[in-house]
1. Taking the conditions exactly as written (out of contact with any Gly (no Cβ under 9 Å at 6 or more places or on another chain) and surrounded by fewer than 19 Cβ atoms within 10 Å (Cβ to Cβ)), does B:Ala85 satisfy them or not?
2. Those residues that are over 30 Å from A:Tyr289 (Cα atoms) and in a loop (DSSP other than H, G, I, E, B), I need them from region A:210-228; list them, please.
3. Output the residues belonging to region B:298-323 that are surrounded by fewer than 15 Cβ atoms within 10 Å (Cβ to Cβ) and at negative phi.
4. In region B:23-55, which residues are surrounded by fewer than 19 Cβ atoms within 10 Å (Cβ to Cβ), of a type in the set (Asp, Glu) and either closer than 20 Å to B:Ile87 by Cβ or free of Cβ contacts under 8 Å to residues at least 24 places away in the same chain (or both)?
5. How about region B:305-348: which of its residues are of a type in the set (A, V, I, L, M) and in contact (Cβ under 8 Å) with a residue 60 or more places away in the chain?
6. Spot the failing condition for A:Gly181; the list is (1) in a loop (DSSP other than H, G, I, E, B); (2) touching a residue at least 60 places away in the same chain (Cβ under 8 Å); (3) facing another protein chain (nearest Cβ under 8 Å); (4) surrounded by 24 or more Cβ atoms within 10 Å (Cβ to Cβ), and only one is missed.
7. Sort through B:Tyr252, B:Tyr257 and tell me the only one that's farther than 20 Å from B:Glu101 by Cα, in contact with a strand residue (DSSP E or B) (Cβ under 6 Å, 6 or more places away or on another chain), away from chain A (no Cβ under 14 Å) and of a type in the set (Phe, Trp, Tyr).
8. Only residues that are touching a Ser or Thr at 6+ places or on another chain (Cβ under 8 Å) and assigned to a helix (DSSP H, G or I): list them for region A:250-288, please.
There are 2 protein chains.
Amino acid sequence: MTLNRVLLCGIDGYLGWPLALRLESQGFEVYGIDNFSRRKIVREVGSWSATPITGMQTRLSAARRILGAEITFLEGDLREYNDVARIVRESKPDAIVHLGEQPSAPYSMIDQEHAVFTQENNVTGTLNILFAMKEWAPNAHLLKLGTMGEYGTPDIDIPEGFFDIEFRGRKARLPFPRQAGSFYHLSKVHDSANIALACKIWGLRSTDVMQGVVYGSRTNETEDNQLLTRFDFDESFGTVINRFCAQAVIGYPLSPYGLGGQRRGFIALVDSIKCLSIAIENPPDTGEYRVFNQLDEVYSVRELAEIVSRTSEGLGLQVKIGTVENPRIEQENHHYNVDHDNLRKLGFQPTRSLEGELEIMLRDLVRFKDRIAAKRNVIAPKVRWRAGVASPEAVYAQTERVVEPEATVSVVP
Amino acid sequence: MTLNRVLLCGIDGYLGWPLALRLESQGFEVYGIDNFSRRKIVREVGSWSATPITGMQTRLSAARRILGAEITFLEGDLREYNDVARIVRESKPDAIVHLGEQPSAPYSMIDQEHAVFTQENNVTGTLNILFAMKEWAPNAHLLKLGTMGEYGTPDIDIPEGFFDIEFRGRKARLPFPRQAGSFYHLSKVHDSANIALACKIWGLRSTDVMQGVVYGSRTNETEDNQLLTRFDFDESFGTVINRFCAQAVIGYPLSPYGLGGQRRGFIALVDSIKCLSIAIENPPDTGEYRVFNQLDEVYSVRELAEIVSRTSEGLGLQVKIGTVENPRIEQENHHYNVDHDNLRKLGFQPTRSLEGELEIMLRDLVRFKDRIAAKRNVIAPKVRWRAGVASPEAVYAQTERVVEPEATVSVVP
């Protein structure tokens, strides 16, 4: 099976953009769709990317000029079936990488409107992709970005999607139960169930990636200033290591939530891109729904704060570790043992160490220190799982709105 | 805890209307909301209720006149948060019974539009109810209608929602994995996960009812012609026993799909209403999410065809059993052993035998034979799981559209 054409849903995002550049450099023909939702909702919560990312038109021109990458882009909304149908028909993909979702747990917990938006956006987008595949790309491989958060933190080991159990003397292989802890994480659980059904009844093939928390500020292909990928550090869209690094460079105390004993799997951006690329090159069989747990190492949030603090001090940054009441409802001390063999069996070897990557990140972020400092108000958590927030305004009315350059757009001919 | 006020979401439906009348007769103050979606979508597929149900205004007046029942009704859409907020604030419910969903698997499998409608309608409606409860009725008991179809047909026994297992030497109590077989059934799985989270993080209380397939044409309170509940017999909205009875009275061959070895749990309408009423009278604790499997007996579809055929012949009806290619993708011969102890522990005893209820149903339906015969084209399955349908028109353009009297409406003062 020769793989030539890849469609990236959510090509404008943190993972989508570097993945597009990587796949182009590997010789794939890359198509992308995005509705710039991420830029809009980060603006809504009063934040921006620490890296000053360029608009889509500039990105695309720079990719062409600097890397010789010809990416075909459509501005479109995955909730609109016409948009999805159009890009699937026109790109005739061998693989579809679906990164095009609202990706923040706190954002989904702001209030009713944000919870409904998150689930409707994510579930409808994925359903639309499945139906478009059935019609126009039934042999394509759907590589869907899920999250390790789909599993929650059960008191037993977490296998890759399925487990064999015995119950009352009978044996069965069952989907591992999902116990996600936010309406966002649940939207991914809903997606997983919908995708598994589509594989079963329509013979589609899919890899559902339960991804650990990603950290990192660059890949080989994003070094040029016009090709930077976004880097969020606010409470909603910043992942924990990224947030800690951004806090370190502006002298803001690192903020593990609660006891900080929450353990999670982590993976460097470069290695995440590598995993996705390995999954694309090794598609599942027709009708197969498989699950990859995509992570490198497990740390507790407190350990991370300590490692970031140590590494920062090595670079001459003064860093304290603060305490923050946990806004989420989650176990702060728990069993966490996660299988992650499937990608290794396909050849994945992590290339980054946490400390090494932290040095790169901290050096990168020092350049954008002023942009982080300008938005320091978005760092402290304001969305509370138990109560929501008093009013959504409390979340995003705290910083002056600074308008980022609007994304501009080229359209599939 | 004195229970006085019950809000029924989906009060206009097959279960909602008789439940409203029953609860009124038990002394509850009953509030209802409905957007008449069921009437509209049954019309969309070219069918109607075998029983000539009256419009809402007529129903409400008749209930007042005949039963002395004062039901407060709001025409509203559960997808509109304002509607949900309004009825929850105004009814101040002790219990909310949520029956207000798109309830058909085949309807959800027609095409992209119907799948997305089903999941968005059901998931958003339930999320809106949860958020409104959090704000205005945090102590109310949410009694949510799920379906036994959420579990699918795993090769092990099906417990009530949760099971205790051992995995790699550690023990855990986990949600029983859901493997639903249609986008409709999955919408209920999504709901279940959302409700469990709301109970956990907000301390709401809920009973999630995994209901078996309901059959029956009347309850004590619906005997008057103006108080009839609906009775669907088309491929999408008719449940299997109800469909078989409708087929029997017009001499249309009974149509088990495929081998007919599919085993399911069944419960009579009267007993379903009784179970719901018992659940309302026995609310769970604050923060508790509990699951009831609500069924009486398990039959295979072929057994049912044979029992309906025998009972019909006893009433002088000539009935054949036909063969129909299975339009669904499902096991036609499988293990099916389902726990259903929770309701019995609260005192539920089934009051109906299948054969006895069938006689009542067949006698009822003979009165409405012409209405069934007029729509005989909606009986044969046209929606196919594997391929969808060639065009949605194929599903619902086969019969002349006959306009039912529109529901008329009284509004909460």
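The values are calculated or read from the model by the stated rules, or taken from the named source; none is laboratory data. Just so you know, these numbers come straight off a predicted model, no measurement behind them. FYI the Cβ positions are ideal-geometry reconstructions off the backbone, even for glycines, and counts take in every protein chain you see.
1. Criteria met by B:Ala85.
2. Answer for region A:210-228, where residues must be over 30 Å from A:Tyr289 (Cα atoms) and in a loop (DSSP other than H, G, I, E, B): A:Ser217, A:Arg218, A:Glu223, A:Asp224, A:Leu228.
3. B:Arg310, B:Glu313, B:Gly314, B:Leu315, B:Gln318, B:Lys320, B:Gly322, B:Thr323
4. Matches in region B:23-55: B:Glu29 only.
5. Matches in region B:305-348: B:Ala305, B:Val308, B:Leu317, B:Val319, B:Ile321, B:Val324, B:Ile329, B:Val338, B:Leu343, B:Leu346.
6. All conditions are met except number (4).
7. Of B:Tyr252, B:Tyr257, the one residue that is farther than 20 Å from B:Glu101 by Cα, in contact with a strand residue (DSSP E or B) (Cβ under 6 Å, 6 or more places away or on another chain), away from chain A (no Cβ under 14 Å) and of a type in the set (Phe, Trp, Tyr) is B:Tyr257.
8. A:Leu269, A:Val270, A:Asp271, A:Ile273, A:Lys274, A:Ala279
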